[in-house]
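Student: Okay, handing you the structure first.
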Amino acid sequence: MRPLLPLLALAALAAGETPPAELTSVGVPTQVSRNSNLWFEDGKLRGGQDALQIGLHTILPERLRVSEVVSVELLHATADDGSQLTASEHGAGGGSGGDPGSMDLSIMLNPPPVQIRRLATLSVAVQARIAAEGLRRASMKPAKAWIAKRLRIDGFPGAEIELEDLGAERLTLGLTPLLAQALENLSFRTSAGTEIEHQGWNDTQEPGWVVRQVDLALPPDGEILLDLRQELGQRRIVVTATDVPIALPDRSKAVSGVLPTSEVQGDAVEAPPAVEVVPLPAPAQPRF
């Protein structure tokens with residue numbers, strides 16, 4: 001089976017479109033976790049697993065909003081002795097989008113021997129979903145006019161919604177998965193524009209459909225607001241970090257010499273001054 005990305009690139013070229021260029025950025029370590037898990041049977045050691053997790057933060061060369069990190073591929077992880085580390089059995093790791101123009105990653109590696117203290121270079125290729133920075137809003141008002149009517153959201157292919165039920169204390173919305181993914185905020189207002197707070201919601205998954213029951217009393221002439229974020233496709237981002245510590249500094253070095261001391265001349269400790277005792281005057285004698 002041919003890889004998907006080359007097929008997408010060929011399709012873009014055939015359509016006269018230039019695929020987006022690969023991005024490169026510098027990763028900064030945010031945390032390193034290195035531990036060993038051992039398991040026992042009848043008090044005897046039966047096995048174990050070592051783990052090395054490295055967190056990276058990166059500022060992207062373009063102001064893009066990463067909505068999802070789809071995959072992380074380890075390109076190379078070179079220790080300070082030149083040896084190569086490999087990805088753990090759980091894969092190279094994962095991550096998430098941060099503020100616009102930034103991204104956070106977590107990389108899982110098989111740890112090297114304990115004498116390896118640093119990684120000279122660490123490089124990963126990230127496949128990320130990119131979303132528009134601004135939101136777009138859709139409105140259903142009055143709510144009662146849209147009961148049992150399936151609507152397509154303009155500008156969001158595959159995004160559809162239906163107000164299935166408008167009860168006294170609960171309303172039920174039906175969403176396609178693409179709409180549920182694009183939906184960043186769902187809010188409600190009265191006909192006068194006053195926002196109505198809901199008490200939470202519950203999602204039920206059906207084939208090709210998400211049923212969302214929201215706990216609130218929305219008047220029939222109220223308004224349902226959907227704030228949506230458009231996805232702009234995927235980008236490949238190569239993140240490289242250098243000189244990454246993966247262990248604390250080694251404090252177990254052997255003593256290599258003795259540092260002599262000498263007496264400090266003319267710096268004797270002076271005796272504290274004597275305390276002068278002043279006698280109190282005798283009390284006056286009473287006269288009879």
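Every residue, every condition in (1) surrounded by 15 or more Cβ atoms within 10 Å (Cβ to Cβ); (2) farther than 30 Å from Leu56 by Cβ, yes or no:
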| site | (1), (2) |
| --- | --- |
| Met103 | yes, no |
| Leu122 | yes, no |
| Arg136 | yes, yes |
| Leu151 | no, yes |
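Student: Still on this structure: Can you name the number of the only condition in (1) under 20 Å from Val244 (Cβ atoms); (2) at pLDDT below 85; (3) of a type in the set (Asp, Glu) that Asp81 fails?
Tutor: (2) is the only condition that Asp81 fails.
Student: Sticking with this structure for a sec: Could you count how many residues in the range 173-222 are under 18 Å from Ile161 (Cβ atoms), touching a strand residue (DSSP E or B) at 6+ places or on another chain (Cβ under 6 Å) and charged (D, E, K, R)?
Tutor: Summing the residues that are under 18 Å from Ile161 (Cβ atoms), touching a strand residue (DSSP E or B) at 6+ places or on another chain (Cβ under 6 Å) and charged (D, E, K, R) in the range 173-222 gives 4.
Student: While we're looking at this one, here's another question. Right, Ala87: among the small types (Gly, Ala, Ser), in contact (Cβ under 8 Å) with a residue 60 or more places away in the chain and farther than 18 Å from Glu22 by Cα or not?
Tutor: Spelling it out, it is not the case that Ala87 is among the small types (Gly, Ala, Ser), in contact (Cβ under 8 Å) with a residue 60 or more places away in the chain and farther than 18 Å from Glu22 by Cα.
Student: Now, a different point. Could we say that Gly95 is surrounded by fewer than 16 Cβ atoms within 10 Å (Cβ to Cβ) and either at pLDDT 95 or above or within 30 Å of Glu73 (Cα to Cα) (or both) here?
Tutor: no
Student: Still on this structure: Taking the range 65-92 as the search range and keeping residues that are among the acidic types (Asp, Glu) and part of a strand (DSSP E or B), which one is nearest to Arg235 (Cα to Cα)? If you could, list the steps in order and put the result at the bottom.
Tutor: Step one: list which residues in the range 65-92 are among the acidic types (Asp, Glu), which gives 68, 73, 80-81, 89.
Of the ones still in play, those that are also part of a strand (DSSP E or B) are 68, 73.
On the way: Glu68: 11, Glu73: 14 Å.
Applying the filter and picking the extreme gives Glu68.
Student: With the checklist (1) in a strand (DSSP E or B); (2) within 20 Å of Ala132 (Cβ to Cβ) in hand, flag the one item Glu62 doesn't pass.
Tutor: (1)
Student: Cβ-Cβ below 6 Å, separation at least six or inter-chain, first residue in the range 233-257 and farther than 30 Å from Phe156 by Cα, second in a loop (DSSP other than H, G, I, E, B): which pairs?
Tutor: Taking only residues 6 or more apart or on different chains, the pairs are Ala247/Arg117.
Student: Something else about it: Find all pairs meeting these conditions: Cβ atoms under 6 angstrom apart; at least six residues apart or on different chains; first residue within the range 156-173 and under 22 Å from Gly200 (Cα atoms); second residue in a loop (DSSP other than H, G, I, E, B).
Tutor: Glu160/Thr176; Glu169/Ala217; Leu171/Leu218
Student: OK, next. Applying the selection to the range 1-33, what residues are touching a strand residue (DSSP E or B) at 6+ places or on another chain (Cβ under 6 Å) and modelled with pLDDT of 85 or more? Talk me through it step by step, then tell me what you get.
Tutor: Going through the range 1-33, the residues touching a strand residue (DSSP E or B) at 6+ places or on another chain (Cβ under 6 Å) turn out to be 20, 22-25, 27-33.
Scanning the range 1-33 gives Glu22, Leu23, Thr24, Ser25, Gly27, Val28, Pro29, Thr30, Gln31, Val32, Ser33.
Student: Take the range 109-120 and flag every residue that is surrounded by 15 or more Cβ atoms within 10 Å (Cβ to Cβ) and either part of a loop (DSSP other than H, G, I, E, B) or among the hydroxyl-bearing types (Ser, Thr, Tyr) (or both).
Tutor: Pro111, Pro112, Ile116, Arg117
Student: Can you work out which of the residues in the range 181-195 that are surrounded by 15 or more Cβ atoms within 10 Å (Cβ to Cβ) and of a type outside the set (Lys, Arg) is farthest from Glu231 (Cα to Cα)?
Tutor: Filtering first and then ranking leaves Phe188.
Student: Moving on. Could you please give the count of residues in the range 147-180 that are under 13 Å from Leu226 (Cβ atoms), in contact with a Ser or Thr (Cβ under 8 Å, 6 or more places away or on another chain) and either among the β-branched types (Val, Ile, Thr) or not in a strand (DSSP E or B) (or both)?
Tutor: Residues meeting the conditions: 2.
Student: Another question, then. Of the residues that make up the range 247-262, is at least one within 22 Å of the chain's Cα centre (by Cα), at pLDDT 80 or above and surrounded by 10 or more Cβ atoms within 10 Å (Cβ to Cβ)?
Tutor: The answer is no, given that none of the residues of the range 247-262 is within 22 Å of the chain's Cα centre (by Cα), at pLDDT 80 or above and surrounded by 10 or more Cβ atoms within 10 Å (Cβ to Cβ).
The values are calculated or read from the model by the stated rules, or taken from the named source; none is laboratory data. Please read these numbers as outputs of a predicted model, since none were measured by experiment. All Cβ positions, even for glycine, are placed from backbone atoms using ideal geometry, and neighbour counts span all protein chains on display.
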